[in-house]
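Visitor: Here it is, the structure, as structure tokens.
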Amino acid sequence: MLAVDPDVLAGAYTSIANGTLWPVNHGLGDTPAFDDEWRADWERYVAYNQQFAEAIADEAATGAKVLVQDYHLNLVPAALRRVRPDLRIGHFTHTPWATPEDYAQLPRDVGRAIVDGLLGADSLGFHSPRWAEDFAGCARDAGASVDVPLRVHPLGVDPAPLIERASQPDVAERVSALRAVAGDRKVIARVDRTEPAKNIHRGLLAFAELLRSHPEHLGQVVHVALAYPSRQDVAEYRDYTADCVALAEEINEEYDAAERPPVVFEVRDDYADSLATLSSADVLLVNSLRDGMNLVAKEGVILSAHAALVLSRETGAADEMTEALLVDPLDVDATAAALHAALTMTDADRSARHDRLAASAAALPPQAWLQQQLDVLSEGI
Ligand code: ADQ
């Protein structure tokens, strides 16, 4: 556990990692002004990475393998290699990697510093071959040569402990409460952080479009969206959450169904509730604008044996979960059509797809995923 100066933490974590690299990697298009204040935050990101590298250098045994996780620590591999060339260093990026067009938004020297920081590793890991290719393109554009292997380790879920956790009384209690609200209606469920990249707002628009274009579903279906608070210290995240709540209320008012509102939108941090919502899904909606992997899609098909999955093509999960109804996340009408297809799918079709989806969700559980990253560092590369 490192004691990080609060100003360094705010600059590195909130401003650079979450305020700059997250939107660039997810193509959100709302990058900050690259002014003096931002430059000072970038220096804090450099210092923060340096602090981690020094702490690892102090702790690691000779020849140890070091696994560095995620975009907050992009500069650690090269900083660590400078002081400890004996170590075997792996880095894994949990987000997508920016497209070369989006990456070019960053100041050139910063784009190059990040690429060079990562290329200090012995192996770079990503959830999807698409993100590895994007990294290679960005590195080439920055003028760096990629002589480090780019590897794909698509993280999955371990069904047994997940099912065990979801069978605890606190989850069962919430499943009953949800069932009382849903009644005999089918449940279109989603569970996400309050995060613009998860595209919750367009999901609500798609649900409204479903009711408009297929009024036969009115009263037969409820959209349960559970958003657990994330990054509420960032104004965009607070505004986004408020916009989603307002849209949910608008849809409910439009249908004047005070007794059985068609949308249940909850902003609540309650893991048992998240598991209950996933377990209750007849249709699971995951329509992220971009997502490194998206574990909710995988957990949902494990927890709900009868769920049909509507899944954004722009998730890492879409590589493997090809039996899902795949959608373009910006296309609200197509998402509505996919929700309709999911609701009306035959039992035989849903069950055949479900078996394959569940198998792909469990293909690389966390322990095996971690072991793969360690094994490749032993291979002499
Ligand atoms: P996230 O963007 O957070 O992860 P996701 O992969 O769906 O997205 O993971 C969320 C996790 O949080 C799930 O395991 C979910 O069950 C869990 N969860 C749900 N409710 C919770 C609560 N109230 N409290 C705590 N946890 C809760 C980032 C990337 C993804 C990538 C993962 C893993 O954005 O693309 O799949 O890392 O690499």
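Visitor: List the number of the failed condition for P215; all other conditions in (1) more than 17 Å from V191 (Cα to Cα); (2) under 25 Å from the mean Cα position of the chain (by Cα); (3) surrounded by fewer than 14 Cβ atoms within 10 Å (Cβ to Cβ) hold.
Guide: It fails just one condition, (2).
Results for (1) free of Cβ contacts under 8 Å to residues at least 60 places away in the same chain; (2) farther than 22 Å from G125 by Cα; (3) away from the ligand (no atom under 16 Å from the Cβ), shown as yes or no for each residue.
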residue: D41; (1), (2), (3): yes, yes, yes
residue: E54; (1), (2), (3): yes, yes, yes
residue: N74; (1), (2), (3): yes, no, no
residue: P77; (1), (2), (3): yes, no, yes
residue: L80; (1), (2), (3): yes, no, yes
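Visitor: Among the residues of the stretch 44-102, count how many are in contact with a helix residue (DSSP H, G or I) (Cβ under 6 Å, 6 or more places away or on another chain) and open to solvent by 60 Å² or more (accessible area, probe 1.4 Å).
Guide: 5
Visitor: Then there is this: Does V181 qualify as being over 25 Å from Q373 (Cα atoms), among the β-branched types (V, I, T), open to solvent by 20 Å² or more (accessible area, probe 1.4 Å) and away from the ligand (no atom under 16 Å from the Cβ)? If you could, list the steps in order and put the result at the bottom.
Guide: Details: over 25 Å from Q373 (Cα atoms): yes; among the β-branched types (V, I, T): yes; open to solvent by 20 Å² or more (accessible area, probe 1.4 Å): yes; away from the ligand (no atom under 16 Å from the Cβ): yes.
Yes; evaluated as a whole, the condition is true for this residue.
Visitor: Quick one: which residue in S123, S176 is open to solvent by less than 70 Å² (accessible area, probe 1.4 Å), over 26 Å from L311 (Cβ atoms), hydroxyl-bearing (S, T, Y) and away from the ligand (no atom under 16 Å from the Cβ)?
Guide: Numbers: S176 fails: open to solvent by less than 70 Å² (accessible area, probe 1.4 Å).
Result of the check over S123, S176: S123.
Visitor: Filter the stretch 259-296 down to the residues that are within 23 Å of A362 (Cβ to Cβ) and among the acidic types (D, E), then identify the one that is nearest to the ligand (Cβ to nearest atom).
Guide: The selected residue is D291.
Visitor: Shifting gears a bit: Would you check if there is a residue in the stretch 105-120 being open to solvent by less than 20 Å² (accessible area, probe 1.4 Å) and within 16 Å of the ligand (Cβ to nearest atom)?
Guide: Of the residues in the stretch 105-120, the ones open to solvent by less than 20 Å² (accessible area, probe 1.4 Å) are 106, 110-111, 114-115, 117-118, 120.
When the remaining residues are screened for being within 16 Å of the ligand (Cβ to nearest atom), the result is none.
Within the stretch 105-120, none of the residues are open to solvent by less than 20 Å² (accessible area, probe 1.4 Å) and within 16 Å of the ligand (Cβ to nearest atom).
Visitor: Also, I was wondering about something else. Restricting attention to the stretch 214-231, does a residue exist that is within 13 Å of the ligand (Cβ to nearest atom), in a helix (DSSP H, G or I) and touching a residue at least 60 places away in the same chain (Cβ under 8 Å)? Lay out the reasoning, then the answer.
Guide: Taking the stretch 214-231 as the starting set, the residues that turn out to be within 13 Å of the ligand (Cβ to nearest atom) are 225-231.
Still in the running and in a helix (DSSP H, G or I): none.
Within the stretch 214-231, none of the residues are within 13 Å of the ligand (Cβ to nearest atom), in a helix (DSSP H, G or I) and touching a residue at least 60 places away in the same chain (Cβ under 8 Å).
The values are calculated or read from the model by the stated rules, or taken from the named source; none is laboratory data. From a predicted model like this one, the values you see are computed outputs, not experimental measurements. Here Cβ is always computed from backbone atoms with ideal geometry, including for glycine, and neighbour counts include all displayed protein chains. With ligands, DNA and RNA removed, areas are computed over all heavy atoms of the protein, side chains included. Shrake-Rupley method; radii C 1.70, N 1.55, O 1.52, S 1.80 Å.
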